[in-house]
1. Kindly evaluate Tyr59 against the criterion of being under 18 Å from His31 (Cβ atoms) and either surrounded by 12 or more Cβ atoms within 10 Å (Cβ to Cβ) or in contact (Cβ under 8 Å) with a residue 24 or more places away in the chain (or both).
2. Residue check: is Tyr84 modelled with pLDDT of 95 or more and not hydrophobic (A, V, I, L, M, F, W, C)?
3. Looking at the stretch 18-56 only, could you name the residues that are surrounded by fewer than 11 Cβ atoms within 10 Å (Cβ to Cβ) and of a type in the set (S, T, N, Q)?
4. Note down all Cβ pairs under 6 Å where the first residue falls in the stretch 95-106 and is under 18 Å from Ser28 (Cβ atoms), the second is in a loop (DSSP other than H, G, I, E, B), and they're at least six residues apart or on different chains.
5. Answer yes or no: is there a residue in the stretch 131-139 that is surrounded by 12 or more Cβ atoms within 10 Å (Cβ to Cβ), touching a residue at least 12 places away in the same chain (Cβ under 8 Å), part of a loop (DSSP other than H, G, I, E, B) and hydrophobic (A, V, I, L, M, F, W, C).
6. May I ask you to verify whether Gly41 is farther than 18 Å from Ile23 by Cβ and under 12 Å from the mean Cα position of the chain (by Cα)?
7. Identify the single condition in (1) farther than 23 Å from Met33 by Cα; (2) surrounded by 17 or more Cβ atoms within 10 Å (Cβ to Cβ) that Trp78 does not satisfy, given that it satisfies every other one.
8. List every residue pair whose Cβ atoms sit under 9 Å apart, with the two residues 6 or more apart in sequence or on different chains, where the first one lies in the stretch 70-90 and is over 9 Å from Ala117 (Cβ atoms) and the second, anywhere, is at pLDDT below 95 and outside any helix (DSSP H, G or I).
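The values are calculated or read from the model by the stated rules, or taken from the named source; none is laboratory data. Treat the numbers as computed from the prediction; the structure is a model and nothing was measured. Virtual Cβ from ideal backbone geometry, glycine too; neighbours counted across all protein chains shown.
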Amino acid sequence: MSENTVQKERPLSPHLQIYKPQITSVSSILHRMAGIALVLGLFLVTWGLIALANGRESYEFFIGFCTSTIGQLMLAGWSAAFFYHMCTGLRHFILDAGFLFEKKATAISGWIVIAIAFILTAATWGYIYRDALMGGGTAL
């Protein structure tokens, strides 16, 4: 074979060294990750139901875990995944109806979804911790 007939190895598409993530691709990836987080969070719910069925001591251990730092972080992450997945699902309903197909509208709606999911998560946890934030009692 001559030099002209040797094929160069083609880069993967999109080429990872030149690809610039956009809000639409990041939003899509986060939507899938949120779905996985929701499924994983169901293990916590299942544990809680089994603990409740097994009696007081078992349930108190479960509540102790949920009120621990790691438990609170898991619950906060699960609620963030829920709100993000819900908001992106609503955004997809709007897209399915034929709206927001302009490049700018798609980008803006992606950022709006992130903002609303953040606000809903913060409002939920602010409500949970309202007494603790006001100087009285503890959360949960």
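1. Details: under 18 Å from His31 (Cβ atoms): no; either surrounded by 12 or more Cβ atoms within 10 Å (Cβ to Cβ) or in contact (Cβ under 8 Å) with a residue 24 or more places away in the chain (or both): yes.
Judged against the criteria, Tyr59 is not a match.
2. The answer is yes for Tyr84.
3. Thr46
4. Thr106/Leu100
5. Scanning the stretch 131-139, I find at least one residue that is surrounded by 12 or more Cβ atoms within 10 Å (Cβ to Cβ), touching a residue at least 12 places away in the same chain (Cβ under 8 Å), part of a loop (DSSP other than H, G, I, E, B) and hydrophobic (A, V, I, L, M, F, W, C), so the answer is yes.
6. In short, yes.
7. Among (1) farther than 23 Å from Met33 by Cα; (2) surrounded by 17 or more Cβ atoms within 10 Å (Cβ to Cβ), Trp78 violates only (1).
8. Gln72/Ala139; Gln72/Leu140; Leu75/Leu140
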